[in-house]
1. Restricting the search to segment 121-138, which residues are in a strand (DSSP E or B) and within 24 Å of residue 196 (Cβ to Cβ)?
2. So which residues in segment 219-235 are assigned to a loop (DSSP other than H, G, I, E, B) and charged (D, E, K, R), if there are any at all?
3. Condition check: assigned to a strand (DSSP E or B), under 21 Å from the mean Cα position of the chain (by Cα) and assigned by TED's automatic domain parsing to the domain that holds residue 101. Does residue 238 satisfy that?
4. Pick from 321, 284: which is among the basic types (Lys, Arg), modelled with pLDDT of 95 or more, surrounded by 15 or more Cβ atoms within 10 Å (Cβ to Cβ) and more than 15 Å from residue 234 (Cβ to Cβ)?
5. How many of the residues in segment 164-173 are surrounded by 18 or more Cβ atoms within 10 Å (Cβ to Cβ) and either among the hydroxyl-bearing types (Ser, Thr, Tyr) or more than 15 Å from residue 261 (Cα to Cα) (or both)?
6. Give me the residue from segment 140-163 that is touching a Lys or Arg at 6+ places or on another chain (Cβ under 7 Å) and not polar (S, T, N, Q) and, out of that set, surrounded by the fewest Cβ atoms within 10 Å (Cβ to Cβ).
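The values are calculated or read from the model by the stated rules, or taken from the named source; none is laboratory data. As the structure is a prediction and not an experimental result, all values here were calculated from the model. Here the Cβ positions follow ideal geometry from the backbone for every residue, glycine too, while neighbour counts run over all protein chains shown.
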Amino acid sequence: MKGCLTCGLLNYLWCWLEDLSCRLQDNNLLKLILAICVALLVLFNVYTGFSLANRCDEGSEDGCADAGGDQSTCSSTYLNCTARGSPESYNYAWDRGPHTWNTPCNNQSPINIERNCLDINYFESPLIWSHYNNIPLGIRLENTGHTLILRAAFPGRTPSIDGGDLLGRFDFREISFRWGWENSSGSEHTVDHRHSPLEMQCLHTDDDGCNSCSSSQGVLMISYLFDLSEHNPFLDVLIQHLAAVQQAGQVVEVPPFPLSYLMSPFYDKFYSYNGSLTEPPCHRGAEWLIHPESLAISERQLNEFRLLRDRRGARIGRNARPVQAIDDRKVYLNRFRTGF
């Protein structure tokens, strides 16, 4: 009797499933809803797995900091005290992208520059660019998997910038680049909410080295925005060697050239504000100077950057942090007082 009851329930369940199957076959809307539910369930499980992995990584880093570990080491040649996070610990995709970074909430970079909302800042002496026309002993290019880095070694004085309202001399350290797949995106900073296809960021530090890494006067970033235009011959000294660093982790020594080929000196009518570095851990206390006019780059030259690959083997299609809130900060248009 018990077996008959079990068989009856199984037959009833089987008939019900067959009836449901027939109804689904006849109802496209139900099939669509079911497919969407399954897809959302899969995506939720994948996202949860990545989130747990990211939390484990962040917990390990916080543990090192709590234990007194020093994440800032000094170097007389390159800037390590404002070192970026490990290239494997973050990216610009949905799994470990900027929305997952554990960073400070205020005074962050990049920002949007509203040209109608600028404060005028007058200074008595122009910016002083020193030794940027000197030829380095060597220049090295590195594909970090996130961006292209240029570093240089010099036989004498390192190129530096002073004057204006800067509180001391800032020495050159390295250059990095930001770009995207589309010409309407790429740069981190925007002007009137408009992106440029390429941004070049030049990192400088003051004479105090690591002791001033958290100081608003310790780090200076000089940014140049590039817009599509005619061929720029000054960029060729760099771009012609990008084929040698297409894979993440590759490094190449290139024939030396003056940094002034890339960094055009400017003295008046430039933008400035106080912000942060734009890669983890996004240290605050970086003073930003933005070149007043965009520079030229051709479509062919821009496409050479787009051939560089990340650590997964895919082309770097985006490496820009989204624009951050300005809050109560001021953005200045700097003017040399005797220049008008």
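1. Within segment 121-138, 121, 127, 129 qualify.
2. Once the filter is applied, which keeps residues that are assigned to a loop (DSSP other than H, G, I, E, B) and charged (D, E, K, R), segment 219-235 yields only 230.
3. no
4. Going through 321, 284 in turn, just one is among the basic types (Lys, Arg), modelled with pLDDT of 95 or more, surrounded by 15 or more Cβ atoms within 10 Å (Cβ to Cβ) and more than 15 Å from residue 234 (Cβ to Cβ): 321.
5. 5
6. Filtering segment 140-163 for residues that are touching a Lys or Arg at 6+ places or on another chain (Cβ under 7 Å) and not polar (S, T, N, Q), the one surrounded by the fewest Cβ atoms within 10 Å (Cβ to Cβ) comes out as 162.
Per-residue answers, yes or no, for (1) within 17 Å of the chain's Cα centre (by Cα); (2) basic (Lys, Arg); (3) at pLDDT below 95:
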| position | (1), (2), (3) |
| --- | --- |
| 144 | yes, no, no |
| 150 | yes, no, no |
| 168 | no, no, yes |
| 177 | yes, no, no |
| 189 | yes, no, no |
| 193 | no, no, no |
| 209 | no, no, yes |
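Residues are listed down the side, and each one gets a yes or a no for (1) free of Cβ contacts under 8 Å to residues at least 60 places away in the same chain; (2) within 25 Å of the chain's Cα centre (by Cα):
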| site | (1), (2) |
| --- | --- |
| 110 | no, yes |
| 118 | no, yes |
| 130 | yes, no |
| 136 | no, no |
| 165 | no, no |
